[in-house]
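To start, the structure under review is shown below, and the notes come after it.
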Amino acid sequence: MSYNERPSYGGGGGYNRRGRGGNRHDYERRGGHGHRDDFSYAETLEQRIKSIVVKFSDEQPLDPGFTPPFERVANQLFDNANQVSAIAEGFRIAVSQLPFKAPYYAALLARLYAPRPKPETAEQNGDAPPEDPPRLGRLVLEDYWKGFQTWLDKLSWPELRLSIHFFAHAAKLNLISASSLLALLQSFAAVLEEPGVSYARGSNAAFCVGEGIIRAWSILHEEHLAAIETMITSIANFSDTAATEKYLVQPMIVLHVRNAAPASSNEILESLVSALRDLTTNGVPSYNPIRELLDSKVEDVQPFELPSFLVPPDVLDMDSLSDGAETVVGDKKDDLPAYLIRLFDNTMTPDPTTSTGYTIRTLISHVTNIFEVNRKEAARLLLELPKWLERGTFKSTKPDAAKVEESEQAGPQWLLENTLIETILSMAFYLPSSPHKLIYYISLISELCKLSPTTVGPAVGKSIRKLYTSLGDGLDVEVARRFTEWFATHMSNFGYAWVWKEWIPDIALPAAHPRRAFIRRAIELEIRMSYYDRIVKSLPEQFQAPEAEALPTEAPAITFEYEDPTNPHHDVAQTILGLLRDRTKAEQVITETETLRNQLQESGDARADSVVRAITLQALLNVGSRSFSHLLNAIERYLPVLRSLVASGGEARAEVLKAVGAFWARSGQMVAIVVDKLMQYQIVEPADVVSFAFASSETSHATQWELVRAALDKANGRTRIASRRLAAIRKEEEDARAKKMVAAMDVDASESAAPATDEPTADSEAVISAKKACEVLARDQRTALAKTLECFIQRLTDPAAPRAVLEPSSWDARESWGAPEWHTWQAWCWYRHFCRAYAPYLRAYAQSLSIVSFAALPPPESDAVSALLRRTWSIAVEGGEP
Amino acid sequence: MAHVVQPLDAPSGYKDSQHRLDRQRQLEHLSKSTTLYVGNLSFYTTEEQIYELFSRCTNPEEGGGIKRIIMGLDRNTKTPCGFCFVEYYTHAEALACMRYVSGTKLDERIVRCDLDLGYADGRQFGRGKSGGQVRDEHRQDYDAGRGGWGAQTQAEKRREREELYADVGPGTVPAVGGGDWKSADAANTSTKRARSPGDEDDEDGRANPRFRGDRDEED
């Protein structure tokens, strides 16, 4: 196969041929080929059967009135009735990966309950008719259950959750007994009552219970209302246990409010509770988007009784009990409540606090998560979602002819594209971090736009405007950062065509206003991905005016201050530059710089050391300024020179960073790249970078935070690698020892001697040196974290920092805020983000850090700043209010 | 568990014809690879632009990051010829690019990523007859971001023109193109990753490669 002839993956590949025209009918016709390639080569019988199940009804057109090919597929499966395990595996794959088809699979399973035709041979031989063989559907369900138990043992929550959807639909068709389904939900509800249950475990169990109740409401509520209400109360109580943590992760922040019910966002578990309460008080909503396919109901069979079970404890908990070895700091992410951001009102996108809205939202997030491996398929499936739902759930975007008819249809007629973008963006904006990389969501939205530009484009535009408007009304800085990155990356995929002129009036806002900061940062990121002239041409004149401060007046470039012949150090700089350009050996360069320094000292320059340091570093950067590779080559070639520059310690490292900042003053990106490599080669330490970041201009706070984050991530990443290496060496040695022992035992067996006693295992040299590395890196990590905390406290308690930003009256009058207020407000938000994002690391050093850092603060009772500093820290790191 | 769709991070069927390992061993290496081949770049795209996009897939908190970028160069002119290698510290980062970046635009061209066996000296050079990539050798279309016409087409056009001008009598309007073909080649050797329109001007006015139209075709 040639380089360029890759197989196109069913629906995904080659949007060029299909997408740009962008009309829906185009991909409708192709929908059925979605999984064509999956099992295509050298297919075994087993694979063929699985694929029959998985592809069931895929050929269905967008019109939901279509009747799925039950008979045909059921007959195909009956033909292979001896392949029960393959059929059941097909069901497991389909249920756990195609959640929008859950009711379809329940209905297909029901068809497999049809009595099997008696074997012809029996009749021919005139034997007595054998007993009714067990129905195929029943065998499949029993086998499915075995897989469910495996998922249970591994606590594979997404699979468990989606299986429960399937069970609920099967119960409605009389395939599973309602009471055993209720018992299953109760087993999960029991998790919520476990003492000290983690938020991750509890919320997963809650989702299983709550979604099970919603799906099976019609068969459960009459007989089991009391039991259902008990479970709902459990979920609600569990949700309340995270009330304080919610302060940390709300996408809209109001600093002075302790427990704000945030505007325009809904916490997911709270939404589930509201949806369930809505069901119990108001009954089933008049409109149900889920296609129930109830005519497949089976009457003449005994429903399957789901066996009872206990949800096993988390594996991690078991580990931490038995394993005495050092745990890797930060290996376990915090699980915190998650918020859905609302960009549109309830008539446009479904309200997540209703059972229908909740169901549609979770369906979209499931598909988004499951198809992370193939964003093109994800986009196609998301746009095809309406075909699996009841007619009228989403407004049809078919041409006019059908429109008249559609408008008379019942149903909420939500806007599919808006719902998709709102839900996907919400996931991308989860705090402290999104489930997948931000770039996944960005690329997914791009794919949606490519598939259907005329319908997705407007939804994207509206979302951007809505988010932009909320800047300055409390949109969290980290959400704003991701919003900016999405905006710039999206534009880079679509010709940088944005209607900038809408935002011209905002140039009048104070320069520090979050909207102005957004504009600056978005343009900066666009320039990084493209080039200066290209982006300038995409902007209206008003933004190009220097007073708009929207973009630099010139393209990013170096600032080599010694280039100027009038600079007193011009000659020295030229000498060093010449040496580096000639690729003079590092040792020789060091000697030369020492000579130059001595000369300067003799001529009376008291700061000779610093001057030579700055000159040498800038000369090195100059040599490396042509490209990233040039930089890397220069750094690697002159590592000894760099080491000699920072040999004198912390002050020298700070000067190096300052020189980097000065040389690349016109390119935040290059500062970040150089600093990253200097940390990589351990010329500067992460804590130095933190100090450097806090000392730089707050006007571009996104750049500042970029540096802080890079520093902390570097420190944490190193520590984790070192700890893992240590663990690996230990395990290797243990395995070797175990092997030896087994061998020894084999030899000893004949002599019936006791196996060699466990010798006191002294650490090997490898372990000792790995341990040492861990300790050193952990110290650096602690220093970096401590430095960041110190800098934040210093920044926020600075007498010059306006304390009023914490007061409601000031917040309400924020139109009059200037740079000091906005910068302080942003610093507060970044502090909050620092605490929540790095809590797993901070916790390792919590006690010593908090003692050192908070001791000098005034008592929280009398000081609002001190109180909020401590409160944020306690909630994030210590797990509760102070 | 088998996934119902083909993941985007599977390596392609590309075989490095000059590699010594057999296919099985190559696949093993690919399953741990931290290096990506990135193709269909514009000749004008800089390493910093590449860095910006590909840093979206890094895991610094796992000890990852961009280790280095190796720009693909024309064997003869030593100027970028439209591909590069991006080397990460971890395999997961390379996979993330396959999933999220491959097939999206960089510098307004759809780039294609592929897991790579790892950079070896010499691989930075194009393997086409004329010094660039093989794909640019026989390319039939005009691609302003990749030096205009394909190398063979260029040579052919040059020949045609030379023949044409041989017949031109005095007084005919001098053609814009003729001399440019030669000077363009000279310009190629002198500038390194220049931003300015260094390549040949074209008769139909799409002269400046920085203003190329929408090129959505991934070929």
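The values are calculated or read from the model by the stated rules, or taken from the named source; none is laboratory data. Note that the coordinates shown come from a computational prediction; the quantities given were computed from them, not determined experimentally. Heads up, the Cβs are rebuilt from the backbone with ideal geometry, glycines too, and the neighbour counts pull from every protein chain shown.
Taken over region A:78-93, the criterion of being assigned to a helix (DSSP H, G or I), of a type in the set (A, V, I, L, M, F, W, C) and surrounded by fewer than 24 Cβ atoms within 10 Å (Cβ to Cβ) is satisfied by A:F78, A:V84, A:A86, A:A88, A:I93. For region A:201-226, a residue qualifies if it is over 23 Å from A:L293 (Cα atoms) and surrounded by fewer than 17 Cβ atoms within 10 Å (Cβ to Cβ), and the qualifying residues are A:L225, A:A226. Taking the listed residues A:A727, A:A738, A:A743, A:A665, the one that is touching a residue at least 60 places away in the same chain (Cβ under 8 Å), farther than 30 Å from A:R482 by Cα and surrounded by fewer than 23 Cβ atoms within 10 Å (Cβ to Cβ) is A:A727, with no other qualifying.
Outside the structural domain of A:F518 (by TED's automatic domain parsing), at pLDDT 95 or above and of a type in the set (D, E): which single residue out of A:E685, A:E734 fits that description? Working first, answer last.
On the way: A:E734 fails: at pLDDT 95 or above.
A:E685 is the lone residue from the list that is outside the structural domain of A:F518 (by TED's automatic domain parsing), at pLDDT 95 or above and of a type in the set (D, E).
For B:Y89, the conditions (1) more than 25 Å from A:P556 (Cα to Cα); (2) more than 12 Å from chain A (Cβ to nearest Cβ) all hold with the exception of (2).
Given the residues A:E485, A:E447, which is the only one that is in contact with a helix residue (DSSP H, G or I) (Cβ under 8 Å, 6 or more places away or on another chain), within 14 Å of chain B (Cβ to nearest Cβ) and under 19 Å from B:P60 (Cβ atoms)?
Working: A:E447 fails: under 19 Å from B:P60 (Cβ atoms).
Answer to the selection: A:E485.
If the requirement is being farther than 18 Å from B:E108 by Cβ and either within 12 Å of another protein chain (Cβ to nearest Cβ) or touching a residue at least 24 places away in the same chain (Cβ under 8 Å) (or both), which of these qualifies: A:F494, A:F518? Within the list A:F494, A:F518, the selection yields A:F518.
You will find that of A:L467, A:L551, A:L509, A:L539, the residue that is more than 14 Å from chain B (Cβ to nearest Cβ) and either polar (S, T, N, Q) or closer than 23 Å to A:R832 by Cβ (or both) is A:L467 and no other.
Where residues in region A:357-401 are within 14 Å of chain B (Cβ to nearest Cβ) and among the polar types (S, T, N, Q), which of them is farthest from A:W157 (Cα to Cα)?
Taking region A:357-401 as the starting set, the residues that turn out to be within 14 Å of chain B (Cβ to nearest Cβ) are A:366-382, A:384.
After this cut, where a residue has to be among the polar types (S, T, N, Q) as well, the list is A:368-369, A:374.
Details: A:T368: 16, A:N369: 13, A:N374: 21 Å.
The qualifying residue farthest from A:W157 (Cα to Cα) is A:N374.
For region A:432-511, which fully contained helices (runs of 4 or more DSSP H) count at least 2 residues that are within 24 Å of A:Q542 (Cβ to Cβ)? Please lay out each step first, then the result.
Values: elements: A:438-451, A:453-470, A:477-493.
Per the criteria, A:453-470, A:477-493.
Inclusion of B:E61 among residues that are under 26 Å from B:G132 (Cα atoms), outside any strand (DSSP E or B), free of Cβ contacts under 8 Å to residues at least 24 places away in the same chain and facing another protein chain (nearest Cβ under 8 Å) is not warranted.
When you look at B:E52, is it touching a Lys or Arg at 6+ places or on another chain (Cβ under 6 Å), over 20 Å from A:E372 (Cβ atoms) and facing chain A (nearest Cβ under 8 Å), yes or no?
On the way: touching a Lys or Arg at 6+ places or on another chain (Cβ under 6 Å): yes; over 20 Å from A:E372 (Cβ atoms): yes; facing chain A (nearest Cβ under 8 Å): yes.
For B:E52, the condition - touching a Lys or Arg at 6+ places or on another chain (Cβ under 6 Å), over 20 Å from A:E372 (Cβ atoms) and facing chain A (nearest Cβ under 8 Å) - is met.
Against the list (1) modelled with pLDDT of 90 or more; (2) touching a Ser or Thr at 6+ places or on another chain (Cβ under 9 Å), the condition A:H256 fails is (1).
Conditions (1) closer than 26 Å to A:G474 by Cβ; (2) surrounded by 17 or more Cβ atoms within 10 Å (Cβ to Cβ); (3) in contact (Cβ under 8 Å) with a residue 40 or more places away in the chain, marked per residue:
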site: A:W822; (1), (2), (3): yes, yes, yes
site: A:Q826; (1), (2), (3): yes, yes, yes
site: A:R836; (1), (2), (3): yes, yes, yes
site: A:L842; (1), (2), (3): yes, yes, yes
site: A:Y845; (1), (2), (3): no, yes, yes
site: A:P859; (1), (2), (3): no, no, no
site: A:D863; (1), (2), (3): yes, no, no
site: A:S866; (1), (2), (3): yes, yes, yes
site: A:R870; (1), (2), (3): yes, yes, no
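Being facing another protein chain (nearest Cβ under 7 Å), closer than 23 Å to A:E524 by Cα and either part of a helix (DSSP H, G or I) or in contact (Cβ under 8 Å) with a residue 40 or more places away in the chain (or both) is a property that B:L41 lacks.
Considering (1) assigned by TED's automatic domain parsing to the domain that holds A:T281; (2) on the phi > 0 side of the Ramachandran plot, the lone condition that A:N174 does not fulfil carries the number (1).
Matching residues to (1) among the charged types (D, E, K, R); (2) at pLDDT 95 or above; (3) surrounded by fewer than 21 Cβ atoms within 10 Å (Cβ to Cβ); (4) within 20 Å of A:G818 (Cα to Cα):
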position: A:V460; (1), (2), (3), (4): no, yes, no, no
position: A:K466; (1), (2), (3), (4): yes, yes, yes, no
position: A:G474; (1), (2), (3), (4): no, no, no, yes
position: A:V479; (1), (2), (3), (4): no, yes, no, no
position: A:E485; (1), (2), (3), (4): yes, yes, yes, no
position: A:A488; (1), (2), (3), (4): no, yes, no, no
position: A:F494; (1), (2), (3), (4): no, yes, yes, no
position: A:P505; (1), (2), (3), (4): no, yes, yes, yes
position: A:R534; (1), (2), (3), (4): yes, yes, yes, no
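Within the set A:E594, A:E587, the sole residue that is surrounded by fewer than 21 Cβ atoms within 10 Å (Cβ to Cβ) and either touching a residue at least 40 places away in the same chain (Cβ under 8 Å) or within 14 Å of chain B (Cβ to nearest Cβ) (or both) turns out to be A:E587.
Out of all the residues in region A:228-247, is one or more modelled with pLDDT under 95 and assigned to a loop (DSSP other than H, G, I, E, B)? Checked against the condition, which is being modelled with pLDDT under 95 and assigned to a loop (DSSP other than H, G, I, E, B), region A:228-247 yields at least one hit.
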